[in-house]
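Coordinate-derived values only; no laboratory data. Because the structure is a prediction, the values reported are computed rather than measured. Here the Cβ positions follow ideal geometry from the backbone for every residue, glycine too, while neighbour counts run over all protein chains shown.
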Amino acid sequence: MKSDYPILSLCANLEVSPSGYYDWQRRRTTPGPRARQNQMLALQIEVIHAQSRATYGSPRIVDTLRKQGARHGRNRVARLMHQAGICGRQKDRYRVQTTDSNHDHPIAPNLMAQAPAAAAPNQIWVGDITYIQTEEGWLYLAAILDRYSRKIVGWAMSERIDTALVLKAFNMALLHRQPTSKILFHSDRGVQYASADYRHALTHAGLVASMSRKGNCYDNATMESFWSTLKLELVYRSHFASRSQAQSQIFDYIERFYNRQRAHSALNFHSPVDFENQNN
């Protein structure tokens, strides 16, 4: 209509002051303080999300913003993430059986149930094996996690799920941590951990073996949680053409991102390395 009639005539007929009309027009085309703040916040969210390798949801982004000196509500951050099409990790998919407890090797008692919470590094280690699908076939990953800091202290990968795989991860943990006191080592009842070679390695290094109850994954919940994190944040988002490609990306995830950068809710949103550095 304003292209057909002068603005002053329209204002007079509609009983609107010209200054009022121009002020309304300015407010329509110029974002207000809240809108400008949301634009800046949305950019910060995108940067943090990208730095997290597209894994952080609203709780970790809110915590990262607070560490940067900006305090915003989780609902506001979640709304801006939704508007930008940004989301955290996705849901779980499938499981492959990796525990063979049908063997004649000795089973260690479940000492984890009565053990106090770890108060320092190298008090409780937990170990387990998982699988990664590639176009060349399965790749198996064994890892050892320190219950105090959730840091992965030893790991190994192979196309074979055998005792050599878990021994390689164990030797890496010993090399990196060089423990000087007795450690409780907890695992499932799998034949790899119950084998004579692995039991000998634990005894020789001064560790005490503990094993989960039969068929009870909750006895090793911390390790299961790490597997879920790895799968949701890396494996399920990737397509591995070869085992070597998977190995390279898993190495990068564990050593560069998970241990050193990823904020962990159980550690007051510190990374495992930062948590150990600040508390020891």
**Reciprocal of mean inverse Cα separation for region 148-205 (Kirkwood radius, Å)** = 12.1
**Request:** Give a residue-ordered list of calculated ³J(HN,Hα) values for region 131-145 (Karplus: 6.51 cos²θ - 1.76 cosθ + 1.60, θ = phi - 60°; whole Hz; x for Gly, Pro).
**Result:** 10, 9, 8, 10, 5, 8, x, 6, 10, 9, 10, 9, 9, 10, 10
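On alpha-carbon atoms, Rg over Rh for region 142-280 using Kirkwood Rh?
0.95
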**Complete:** Listing K168, K67, K151 by rising number of other beta-carbon atoms within 10 angstrom, fewest first, gives K67, K168, K151
**Calculated FRET value between N279 and R76, using beta carbons and R₀ = 25 Å, to 0.05** = 0.20
**Complete:** Quick shape check on region 199-280: root eigenvalues a ≥ b ≥ c of the Cα gyration tensor, a/c under 1.5 is rounded, otherwise prolate if a/b tops b/c, else oblate, and it reads oblate
**Fill in**
Residues L202, L141 in order from fewest to most other beta-carbon atoms within 10 Å are L202, L141
**Request:** Enumerate the calculated ³J(HN,Hα) couplings along region 256-261 in order (Karplus 6.51 cos²θ - 1.76 cosθ + 1.60, θ = phi - 60°), each rounded to whole Hz, writing x wherever the residue is Gly or Pro.
**Result:** 8, 9, 4, 5, 10, 10
